[in-house]
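Below is one structure, written out as C-alpha cells; the observations come after it.
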Amino acid sequence: MAIHKMLRRSLSAEKRSNEVPKGHFAVYVGESEKKRFVIPLSYLNNPLFQELLCQAEEEFGFHHQMGGLTIPCSEELFIDITTHLSRA
C-alpha cells in the first residue's frame, strides 16, 4: 500500500513537471542533447525570437521529433537570447 502511494506521488510529480503554466510554452534547445525550456508567450512578438523560429522552420519544417518546438541553436546562445529578452 505504501509503495502504491509513493508511485502515485512520483507519477503526479512527473506530470506536474511536464505542465506548462498559462501564458508560457515549451521549447527544446540544444545541438546534440535537447533540453526543455518553458518561456513566456510574449517572446513570440520579439524579432530576435522570431529569427530563431525561422531557423527552426528551415531546419525542421513542421515536424519536430521531440513532440514540441525545437530551436536549432546551442543552449548557451538560447540562454543569452532569453536573458536579453527578459530584460527588454
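The values are calculated or read from the model by the stated rules, or taken from the named source; none is laboratory data. Quick caveat, the model's predicted, so the values are computed rather than measured. Surface accessibility is based on the protein's heavy atoms, side chains included, excluding ligands, DNA and RNA. Shrake-Rupley method; radii C 1.70, N 1.55, O 1.52, S 1.80 Å.
Annotation: of all residues in the stretch 53-79 being outside any helix (DSSP H, G or I) and among the aliphatic types (A, V, I, L, M), the one that is modelled with the highest pLDDT is I71. Selection of the stretch 19-52 for residues being open to solvent by 40 Å² or more (accessible area, probe 1.4 Å), of a type in the set (A, V, I, L, M, F, W, C), at pLDDT 90 or above and not in a strand (DSSP E or B) yields L41, L44, L48.
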